[in-house]
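See below for the structure under consideration.
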Amino acid sequence: AWKAIAGDVYATSVEMKQGAAELLVRLAGAGKKIGVATALDEALAMPCFERHGLRSSVHSLTTVEEAGADKNFPDVYLLECEKLGCAPGETVVVEDSATGARAAKSAGFCVVGVFDPNADCPREELAAVCDRCVDSLTELL
């Protein structure tokens, strides 16, 4: 029952981070491959992209369940990278948690941290792990 409720919330109410839609459209328009490595089920994540008209900007999606390990490990990022046909050293991971950022860095990815004041991750901790840390994705436009 909770999955149905969560699915409805993601499909109708969850907003993207500020600047996310514009950044995805700009990157896709420049021919960049866009992958999503997420702790969410695909059934929860994709309706949010669809509602914002961004489904066509996302080339691939990998869940931690599919990868077989949570974001304490780089598996989800590595599998998504493999799906896109990219190497970690030529891929940028955008992450809002220090846990995910640390895992991606350990596998050789360039990591941009996006501070989320609603998350349980101090900005200083995120910035210490990432190659760059921003307060909003609009800073990357």
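A quick yes/no check of all residues on (1) in contact with a Phe, Trp or Tyr (Cβ under 9 Å, 6 or more places away or on another chain); (2) hydroxyl-bearing (Ser, Thr, Tyr):
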position: Leu79; (1), (2): no, no
position: Ala103; (1), (2): yes, no
position: Ser106; (1), (2): yes, yes
position: Asp116; (1), (2): no, no
position: Ala119; (1), (2): no, no
position: Glu125; (1), (2): no, no
position: Ala128; (1), (2): no, no
position: Cys133; (1), (2): yes, no
Q: Check Ala43 against each of (1) touching a residue at least 24 places away in the same chain (Cβ under 8 Å); (2) surrounded by 15 or more Cβ atoms within 10 Å (Cβ to Cβ); (3) more than 15 Å from the chain's Cα centre (by Cα) and name the one condition it does not meet.
A: (2)
(Q) Being modelled with pLDDT of 95 or more, hydrophobic (A, V, I, L, M, F, W, C) and closer than 18 Å to Leu40 by Cβ narrows it down to one residue among Leu141, Leu126, Leu79; which is it? (A) Leu79
Q. Does Ala101 satisfy the condition of being of a type in the set (A, V, I, L, M), in contact with a helix residue (DSSP H, G or I) (Cβ under 9 Å, 6 or more places away or on another chain), surrounded by 14 or more Cβ atoms within 10 Å (Cβ to Cβ) and under 27 Å from Trp2 (Cα atoms)?
A. no
Q) Name the pairs: first residue in region 114-141 and more than 17 Å from Thr99 (Cβ to Cβ), second residue in a loop (DSSP other than H, G, I, E, B) and open to solvent by 40 Å² or more (accessible area, probe 1.4 Å), Cβ to Cβ under 8 Å, at least 6 apart or on different chains? A) Val134/Phe115; Asp135/Phe115; Ser136/Lys17; Ser136/Gln18; Leu137/Lys17; Leu137/Gln18; Thr138/Gln18
Q) Say we look at region 32-66 and pick out the residues that are at pLDDT below 95 and among the basic types (Lys, Arg); which of these is nearest to Ala103 (Cα to Cα)? A) Arg55
(Q) I'd like to verify a number: residues in region 111-131 that are loosely packed, with under 15 Cβ neighbours inside 10 Å and of a type in the set (A, V, I, L, M, F, W, C), how many? (A) 2
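The values are calculated or read from the model by the stated rules, or taken from the named source; none is laboratory data. What you see is a predicted model; the values in this text were computed from it and never measured. Here Cβ is always computed from backbone atoms with ideal geometry, including for glycine, and neighbour counts include all displayed protein chains. What goes into the accessible areas is simple: the full protein's heavy atoms, side chains included, and nothing from ligands, DNA or RNA. Shrake-Rupley method; radii C 1.70, N 1.55, O 1.52, S 1.80 Å.
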